[in-house]
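Input: a single structure, listed below in structure tokens.
The values are calculated or read from the model by the stated rules, or taken from the named source; none is laboratory data. On a predicted model such as this, the values are computed, not experimentally measured, just so you know. Here the Cβ is made from the backbone with ideal geometry for all residues, glycine too, and neighbour counts use every protein chain on show.
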């Protein structure tokens, strides 16, 4: 294992404060109903906050990391980390755990996934017992896109003319805004060619909000978060 500590955290800072057990898929995502939620257990809120900050600043591509507002029934705080459910999950989680080696002296980790017993944290077990294939979003997307003028769905990608987007999240507008921190991001100008194309193809019933790296198509209380390919 390797260590890559960040400023403000020293070698062994979380020794004996983080439990060697990881929860996988036992908690619901606040962003999308098919993301993977991973939970790390901390003895107190301060080490949990330190761990969440460390994970947020890591190079691993996560969606969110936050600490439970209150401890669970055992008096333990959880650090919830959300991942997109895809084939990179196992590798990303292993890399993340390896990066924590300098913070804690834990050498042997275990994990517990939904409706399964505790088992050793190995690539083989993760691959065998954690579902990494996402559920089909096609039916829900197709239903939402019936209210557009000229938006197509092809092999899971959203097409607006010659523009292609990956669908990052579908669901409640407020939840997506809060989960991705979009309220704190400046919106881009509505005069760009991309905005005009999307506004035209989605139609008058949709509002197009563009941020750096993200596009949010909004219809009433529902929204689709997109990333351009």
Inset, instruction - Could you grab me the full set of residues in the range 97-135 that are surrounded by fewer than 16 Cβ atoms within 10 Å (Cβ to Cβ), under 22 Å from residue 16 (Cα atoms) and touching a helix residue (DSSP H, G or I) at 6+ places or on another chain (Cβ under 8 Å)? - result: 119
Inset, instruction - Filter the range 68-91 for residues that are in contact with a strand residue (DSSP E or B) (Cβ under 8 Å, 6 or more places away or on another chain) and in contact (Cβ under 8 Å) with a residue 40 or more places away in the chain and give the result. - result: 76, 78, 79, 80, 81, 82, 83, 84, 85, 89
Inset, instruction - Of the numbered conditions (1) over 21 Å from residue 84 (Cβ atoms); (2) touching a strand residue (DSSP E or B) at 6+ places or on another chain (Cβ under 6 Å); (3) in contact (Cβ under 8 Å) with a residue 12 or more places away in the chain, residue 199 fails exactly one; give the number of that condition. - result: (3)
Inset, instruction - Kindly list the number of the only condition in (1) modelled with pLDDT of 90 or more; (2) surrounded by fewer than 19 Cβ atoms within 10 Å (Cβ to Cβ); (3) touching a strand residue (DSSP E or B) at 6+ places or on another chain (Cβ under 7 Å); (4) over 21 Å from residue 31 (Cβ atoms) that fails for residue 182. - result: (4)
Inset, instruction - Would you confirm whether any residue within the range 36-50 is surrounded by fewer than 16 Cβ atoms within 10 Å (Cβ to Cβ), in contact with a helix residue (DSSP H, G or I) (Cβ under 7 Å, 6 or more places away or on another chain) and either closer than 20 Å to residue 115 by Cα or without any contact (Cβ under 8 Å) to a residue 40 or more places away in the chain (or both)? - result: no
Inset, instruction - Read through the list (1) at negative phi; (2) surrounded by 13 or more Cβ atoms within 10 Å (Cβ to Cβ); (3) in contact (Cβ under 8 Å) with a residue 24 or more places away in the chain, then give the number of the only condition that residue 171 fails. - result: (1)
Legend entry - Index of the failed condition, residue 115 passing every other in (1) at negative phi; (2) in a loop (DSSP other than H, G, I, E, B): (1)
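Within 17 Å of the chain's Cα centre (by Cα), at pLDDT below 90, surrounded by fewer than 16 Cβ atoms within 10 Å (Cβ to Cβ) and within 26 Å of residue 117 (Cβ to Cβ), is that true of residue 33?
Details: within 17 Å of the chain's Cα centre (by Cα): yes; at pLDDT below 90: yes; surrounded by fewer than 16 Cβ atoms within 10 Å (Cβ to Cβ): yes; within 26 Å of residue 117 (Cβ to Cβ): yes.
The answer is yes for residue 33.
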Inset, instruction - Would you point out which residue out of 149, 94 is more than 30 Å from residue 215 (Cα to Cα) and either surrounded by 13 or more Cβ atoms within 10 Å (Cβ to Cβ) or in contact (Cβ under 8 Å) with a residue 40 or more places away in the chain (or both)? - result: 94
